[in-house]
């Protein structure tokens, strides 16, 4: 993903530092982006939900200092597929990243930051299991699921109570179900 798009997803107006090269490591915001990618690689994480919930991370130092590592990371728990697998070392690494992200976010204009994040992070994305639910229902003559999903994807950036069930990570039942977790080349 291009750095500018990543910066928008985090609500950053400008990227600071330097990107990595073969000879030098990343610095500033580029290091922050790299560390996030590394943490997501260590934790089964829903990309869309993670970025949506990052908007809820406090940016005031007093609140951050008074919040335990676990409580801070729990703000992102809807994005983690196996939150109970987050052991102490991983919780500390996530909390350290969240504090660095929060300190960096605190220098942004909060209204502009929120607007950037809202325009770059959809609340809803059409997931394979959702399509499979619509296919299964439609096969039985029930097109309500399909109609509801069409309404959701028409306004993916607008959170509504009526569509909240579609703003969740993939359910466990869909983890290994054909059409939900993987697609064949004939799909």
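The values are calculated or read from the model by the stated rules, or taken from the named source; none is laboratory data. These figures come from a predicted structure and were not determined experimentally. Because the Cβ atoms are built from the backbone with ideal geometry, glycine has one as well, and the counts that use them run over all protein chains shown.
Numbers at a glance
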{"item": "Residue 160 being without any contact (Cβ under 8 Å) to a residue 12 or more places away in the chain, outside the structural domain of residue 74 (by TED's automatic domain parsing), loosely packed, with under 12 Cβ neighbours inside 10 Å and at negative phi", "result": "no"}
{"item": "Failed item in (1) within 26 Å of residue 56 (Cα to Cα); (2) modelled with pLDDT under 95; (3) not in a helix (DSSP H, G or I), with residue 162 passing the rest", "result": "(3)"}
{"item": "Checklist (1) in contact (Cβ under 8 Å) with a residue 40 or more places away in the chain; (2) in a helix (DSSP H, G or I) applied to residue 134, failing item", "result": "(1)"}
{"item": "Region 81-119, subset without any contact (Cβ under 8 Å) to a residue 40 or more places away in the chain and under 24 Å from residue 160 (Cβ atoms), residue surrounded by the fewest Cβ atoms within 10 Å (Cβ to Cβ)", "result": "111"}
{"item": "Any hit, region 67-77, residues being touching a strand residue (DSSP E or B) at 6+ places or on another chain (Cβ under 6 Å) and either within 30 Å of residue 176 (Cβ to Cβ) or part of a loop (DSSP other than H, G, I, E, B) (or both)", "result": "no"}
{"item": "Sole exception among (1) crowded, with 17+ Cβ neighbours inside 10 Å; (2) more than 21 Å from residue 159 (Cβ to Cβ); (3) at pLDDT 95 or above for residue 50, by number", "result": "(2)"}
{"item": "Unique match (being modelled with pLDDT under 95 and over 20 Å from residue 8 (Cα atoms)) among 67, 59", "result": "67"}
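Okay, residues lined up against (1) in a helix (DSSP H, G or I); (2) at pLDDT below 95; (3) not assigned by TED's automatic domain parsing to the domain that holds residue 65:
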residue: 84; (1), (2), (3): yes, yes, no
residue: 95; (1), (2), (3): yes, no, no
residue: 98; (1), (2), (3): yes, no, no
residue: 103; (1), (2), (3): yes, yes, no
residue: 113; (1), (2), (3): yes, yes, no
residue: 145; (1), (2), (3): yes, no, yes
residue: 148; (1), (2), (3): yes, no, yes
